[in-house]
Amino acid sequence: MSIGILITVHDGMVLAADSASTLTLMGPAPNQQGPVALNVYNNANKIANLYKGQPIGCVAYGSGSIGSASISTLLKDFRKRLTDGGETGFGIHSFKMEDVAKRLSDFLMSHVKQLGPNEPKPTLGILVGGYSAGESLGEGWLLTIENGVSEGPKLLRQKGDVGINWGGEGESISRLVLGFSPGLPRVLGSVIKPPPSPADLEQLANLLRNNLQAPLAFAPMPIQDAIDLAEWLVHTASMFSRFFPGPSSVGGPTESAAITKHEGFKWIRRKHYYDNKFNPEIRHGDSVREDEVGGPRAASG
C-alpha cells in the first residue's frame, strides 16, 4: 500500500514517501479471503516532478501499476506530454494546478479504460502539489481511483491554509497526528444504542479530530523543518509497518522533495538504480549533451 505525505506551509510544499511495493496474488486459492502478499520490494519510485524546471510535483500511493505500466513510468509519460505539447491547451505561463490535476486524472483513466475485463482494476491515490502560474502560495489536490473508477481531482486546502495530508497506510500517522485510529468512530458506533447514523459518526469523527489533533505544521514553518517533519512521518509509518503483524508494506528508503515559489521542485532525498560515476552524461537524474556536462540546463526530476 505504501505511504505518501504532502505538507503545506507558506514557504512551500513538501512531498515524501517510502519505497515499498507489494507483489500480491489476486487469483482464487483455497481458504483465501483476499489478495495474498507474495513479496515486498523496497525500491519503488513514488515522487515525480510533473514538469521539469517548474514547481509542480506529486506523490503516489496504493496500486503500483496500471496494467503492465508502473505508476512511476506513467507519471513520466504524462510529464513528457506536458513538456512536448501533447496536452492541447496547456500553457506553462498560464497553467492552473486544478487543470494539471484534471489532466493527470484523465491521462491515468485513459490507461485504466484500456484494461481487459479480466485484468485487475487499480486502487490508488496521488497527492499533487505545486504553484499555479503567477501565484505566491501553493495548492494541493487529491486524485483517487477506486477499483478503476476515478473520483476526480479534489482541492485539499483553501488558499493560505497549511497542514499535513497523507494517503496509503496511514494508521500510525492518524493515531499520532489526529489522536485516534480511523476505526475508532466505527467501533464506538457499534456499541452506542441506538446505533448512530453515518452523519452522526462523521460528526463524532470531526469532534475527536478538533479536540485531539496535534498541531505540528504552522504557516511560518521554514521549508527545512517541513522537510524534517515529512521524513519523520514516513519513518514512523515504516517502523509501525515493520513491527505490525503481516508483510512490511511500508518501508525501504525515504524519498522527499520540496516545492517553493522561486526554487521550484527540488529533490531532497532520492535513490538511483545507477551510479553517476559510471554514467558521466547523467546529472541529477537527467540526460545532458556532452557539451553541457560542465553546466547543464536547469532541470529537476
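Odds and ends about this structure:
- Cross-link reach list, aspartates and glutamates versus K154, counting only Cα pairs under 18 Å and skipping chain neighbours closer than eight places: E98, D99, D106, E139, E146
- Length gained when the stretch F244-D161 is fully extended (0.36 nm per residue, less Cα-Cα span): 26.5 nm
- The value of relative contact order for the chain, using C-alpha pairs under 8 Å at least six residues apart, is 27 percent.
- 222 nm mean residue ellipticity, helices alone, for the chain (DSSP H n ≥ 4; -39,500 (n - 2.57); rounded to 500): -8000 deg cm²/dmol
- Calculated FRET efficiency for the pair K277/E146, C-beta based, R₀ 45 Å, to 0.05: 0.55
- Axial C-alpha extent at least 15 Å, average Kyte-Doolittle at least -1.0 - helices from the chain (DSSP): 71-84, 97-112, 198-212, 223-243
- 17 Å reach of a label modelled at L216, 7 Å along Cα-to-Cβ, counting backbone N of the range 151-165: 162-165
- Among the listed pairs K80/K102; K80/K121; K52/K80, those whose Cα-Cα separation exceeds 21 Å are K80/K121.
- Computed E for E98/L208 - FRET, C-beta separation, R0 22 angstrom, nearest 0.05: 0.10
- Fewest neighbouring Cβ atoms within 10 Å first, the residues K154, K96 line up as K154, K96.
- The share of C-alpha pairs in the chain whose separation exceeds 36 Å stands at 19 percent.
- Tensor-based shape of the range 219-288 (alpha-carbon gyration tensor, a/c under 1.5 rounded, otherwise prolate or oblate): oblate
Laboratory data are not the source of any read-out in this text; all were calculated from the coordinates shown. Not measured: the values here are computed from a predicted model. Please note: Cβ atoms are built from the backbone with ideal geometry, for glycine as well, and neighbour counts cover all protein chains shown.
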